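One structure is given here, and the rest of the page talks about it.
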Amino acid sequence: MNSEGLADRLREAERRLDGQVSEHQSLSSQVKQRHGDLQDLIHRQTADHEERLERAVKTLQSNAEQTAKALAAAKARLDHVQDGARDCEQRCSAVESKANSLAERLKESERRTQVTVSQTVE
């Protein structure tokens, strides 16, 4: 092989090598761009998930507060009803006691009336 053929082969190899270097740089740039795009996507998705989670937590906290208020109101109503029931029981007990007392007085009056009638008849 002559030196001219060798020089041609060398130039061809250099040209191919330059093409490969250029292609490598282009691919490297594309990889870097894609990597940056993926990082941006990951950060956006992470931020979106965090925002959704924060909203969900706030909603749960609000629901818990509303439930606590509703339970407190229900307990207050229950306490009021129980107080009313105790008051009714006390009144019923007083009325029952008075009814028993009146029944005893009626029996006593009937007994006295019987005695008086018996004495009058004799």
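The values are calculated or read from the model by the stated rules, or taken from the named source; none is laboratory data. Everything numeric in this text was worked out from a predicted model, so none of it was measured. Here the Cβ positions follow ideal geometry from the backbone for every residue, glycine too, while neighbour counts run over all protein chains shown.
Tell me the residue from 118, 109 that is among the polar types (S, T, N, Q) and surrounded by 10 or more Cβ atoms within 10 Å (Cβ to Cβ), please. First the steps, then the outcome.
Working: 118 fails: surrounded by 10 or more Cβ atoms within 10 Å (Cβ to Cβ).
On inspection, the qualifying residue turns out to be 109.
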Go through the range 1-25 and give me each residue that's more than 60 Å from the chain's Cα centre (by Cα), surrounded by 10 or more Cβ atoms within 10 Å (Cβ to Cβ) and of a type in the set (A, V, I, L, M).
6, 7, 10, 13, 17
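Give 64, 103, 76 a once-over and let me know the one that is among the small types (Gly, Ala, Ser), modelled with pLDDT under 95 and surrounded by 10 or more Cβ atoms within 10 Å (Cβ to Cβ). Spell out the reasoning first.
Details: 64 fails: modelled with pLDDT under 95; 76 fails: modelled with pLDDT under 95.
Checking each option against the conditions leaves just 103.
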